[in-house]
Amino acid sequence: MIAKVEPLTSARALRGPFDYRVPREMPGVGVGSMLVVPFGPRRVLGVVVDTADRSELPEERLVEPLATLGRELPAELLRLGLWVAREYCSTPARGLGLVLPPGTGRGAAPRVSARRVLVAELTAAGRAALGGGVRLGSRQRAAIAALSRGAVPAARLAREAGCDHATLRALERRGLVELRRDELRRRPSVPGVGARGRGEVSLTADQEAALAAVMARLDTSPEVGGRLLLHGVTGSGKTEVYLRAVAAVLERGRGAIVLVPEIALTPQTASRFEERFGDAVAVLHSRLSPGERYDEWWRLRRGDARVCVGPRSAVFAPVERLGLIVVDEEHDSSYKQEGDPRYDARRVAERRAEEAGAVLLAGSATPRPESWRALRRLSMPSRVDRRPLPPVELLGMAGRAGSLHPRTRAALEEVRTARGKAIVLLNRRGWSNFVSCRGCGRVWECPQCDVSLVLHRARARLACHHCGHAEPAPSACPDCGSVSVGRHGAGTERLEQELTALVDPVPVTRLDADTGGARAGAATALGSFEAAPAGVLVGTQMVAKGHDFPDVTLGVVIDADATLRFPDLRAEERTFALVAQLAGRSGRGPAGGAVLVQALDPSARSLRHAALHDAEGFLAGELARRKELGYPPFTTLVRVVCSAASRGPEAAAAAAVRAALEPQVAAGISILGPAPLFRRVGRERAQLLVKSRDRGAAIDAVRSAVETAAADRSLRGAALSVDVDPQ
Ligand code: ADP
Ligand code: ZN
Ligand code: ZN
């Protein structure tokens, strides 16, 4: 038999799969098998993507795999990985890398494997000895007593019953105890913020209707599947609908994937699934140790767990007989992967659901125009308990000094007096966003990127938010010696100090990439804000995620239109979502709530609609605008970024890609650029944008143009990256 193998190497120019002859002594090799194969002078791991009876290669050039790992990738995941590679103009190896078992490594030996520990258990004779009548030393007696309620890992016996190995071996020789090596699950813990354990609630009429629509899809013939958008305002109880839908899927003997934005930021959702379904849930998140990730993956693969909850990568979880994929907070930008392959988990979820005959259920209070247009809508227009959405007031800041409007100050002072809770959003971290010399006008910039440095006062550093460069905060100008250094603009760090002064003694908690850096900080900040009777949570968009804190009565957005000041096709959509989501955090309890939104220009369309909680009106206008301009979802955009360590090669590569694309213009694609991009992490950059009404045509054209350029030796100084559906 011939196995067609994709070697898992990083080279872009490779044209696999490659043929290998599988000898008779290596049985069980088929599509999805993982093999160690000789590849040039090296040995690499490869995945069998197809098999054949004979090869085009001459017999003498065919070689045999060195070993089979005896592990198999489900065919469904294999196809999905290869599809991602094509759809996002990446390589098969990188696409497959997304679906491999965790800890696979590169060679024959996996980097991570199951954890086996020595476990002791009483034999029948041992249990009989519990009743006495057998002569035992005191240590032996203690061990037998400790084992009376079942098997225990030897290490724990040593710790808790002071029973050493020698004692256990002695008991084993006497036939009283059996020792064996068992797999021990490394159990990840989900931070439990806000898991209030409400148990079963009775559904509202809206929830009933939404659930019925999901079930109807689930129970039609599996090929039909269905793509649904649960448009429910903040606090309408979307999670409960997901929970019930998952329960229904499990009853039908099928499995489910629940995608959530970054778990550290939305721990409530994940913990509610664990609470409801217990061990049937495998949770994957970024803070798992490699061992925990390995165990969770295999629990799914073996069918011990049938629901996977996790961030975007969970869309590749080995859930079998998939019946449902939920995409919670489907507007969240974390569903897009930033490195190659730059996949969008929402699109992958659609594809996977379609292939598996599963239902796709995307939910949000602020859906994307793409989903609004393409998915069947289920609507939950009111909050559970019929509480009204909080009134939103827009406050114009033009011509005003200081970062807080008098109305905002007054409202925060009320929170202080009432010892209440507020959330304040400013989507800019640090102390001030740029620093300049008052003497000569020098602006401190990153040596590696064409951007100004941000002052972080507590750390006394200037930092680049693009590459991580940091330097000590200046006390004088190196150019003119002036000691007058101006700090301009305000970020969360400065706002935190201002708020602390304003609401003291109410505690102020800051949540942004600096405080939640390792992401451990996020759960801690959210946890302490939730537990405290009073407080102000201030931070970047992290504070606007789907948190459910019923005692928050005030939401504030500072500089809400900052996002609109950059030219970006999604600026309006982002601004709307950010403001509407933050508004959704307020007034979720009996005390009600209010929202204040500060902006330079409060008449902006996205702000006006957000203030009215009017997603429908916003989306109608946004889709009309996109249609007129020929933007997604009416077209597909593909971005190609060429970069190089010095100026020149990036422009040459961009020109070459453009030339290779040129013949496709007749076929209905248009090309914008090359245009220079600002230097980033020391790399000069140029970008091309390809646009087409025909998605497949745009992607195919870019793939072949990039492959042509990658194979051109004269362009070796440049790196190419492709982003389909750039955000
Ligand atoms: P959303 O995700 O739509 O913003 P959540 O799912 O967070 O809303 O639900 C808001 C709150 O309402 C949660 O605390 C949840 O436990 C509660 N809840 C949901 N459904 C019901 C119901 N049918 N009856 C009572 N409380 C509910
Ligand atoms: Zn100066
Ligand atoms: Zn930088």
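The values are calculated or read from the model by the stated rules, or taken from the named source; none is laboratory data. Keep in mind it's a predicted model, so treat the numbers as computed, not measured. Glycine gets a Cβ as well: all are built from the backbone with ideal geometry, and neighbour counts include every protein chain shown. Note: areas computed on protein heavy atoms with side chains; ligands, DNA, RNA excluded. Shrake-Rupley method; radii C 1.70, N 1.55, O 1.52, S 1.80 Å.
Remarks
- A convex hull fitted around the alpha carbon atoms of the chain yields 226 Å³ per residue.
- Estimated inter-spin distance, Arg625 and His466, nm [label 7 Å along Cα→Cβ]: 2.6
- Estimated 222 nm signal from helices in the chain, with DSSP H stretches of n ≥ 4 weighted -39500 (n - 2.57), rounded to 500: -9500 deg cm²/dmol
- Each other residue within a Cβ distance under 10 Å of Leu607 adds +1 if Lys or Arg and -1 if Asp or Glu, for a net charge of -1.
- Dipole moment magnitude, nearest 20 debye, region 543-646 about Cα centre, only Lys, Arg, Asp, Glu C-beta charged: 240
- Pairwise Lys count, the chain - Cα closer than 26 Å, eight or more residues apart or different chains: 8
- Under 5 Å, built H, 5+ apart or other chain: amide partners of Ser432: Leu455, Gly491
- Surface per residue (accessible, 1.4 Å probe) for the chain, Å²: 43
- Dipole of the chain computed with +1 at Lys/Arg Cβ and -1 at Asp/Glu Cβ about the Cα centre; of Val690, Ala701, Val485, farthest Cα towards the positive end is Val485.
- For the chain, share of DSSP beta bridges that run antiparallel, in % to the nearest 5: 55
- Shape of region 625-721, Cα gyration tensor, a/c cut at 1.5: oblate
- Residues Thr708 and Glu393, FRET efficiency given R0 of 56 Å [Cβ-Cβ distance, rounded to 0.05]: 0.50
- Fraction of accessible area attributable to carbon and sulfur, the chain (%, probe 1.4 Å): 50
- Whether region 447-539 is rounded, prolate or oblate, judged on the alpha carbon gyration tensor where a/c under 1.5 counts as rounded: oblate
- Hz values of 3J(HN,Hα) by residue in region 66-78 - Karplus curve (6.51, -1.76, 1.60), Gly and Pro given as x: 7, 6, 10, 7, x, 10, 10, 8, x, 4, 4, 6, 4
- Here is the list for region 411-496: trypsin sites (Lys or Arg not before Pro) lying in DSSP coil, each with at most 15 other C-beta atoms within 10 angstrom of its C-beta, are Arg419, Arg438, Arg457, Arg459.
- The mean of 1/r over all distinct Cα pairs in region 343-404, once inverted, gives the Kirkwood hydrodynamic radius of 15.8 Å.
- Of the GluC sites (Glu not before Pro) in region 325-370, those whose Cβ has at most 13 other Cβ within 10 Å and which sit in DSSP loop: Glu338
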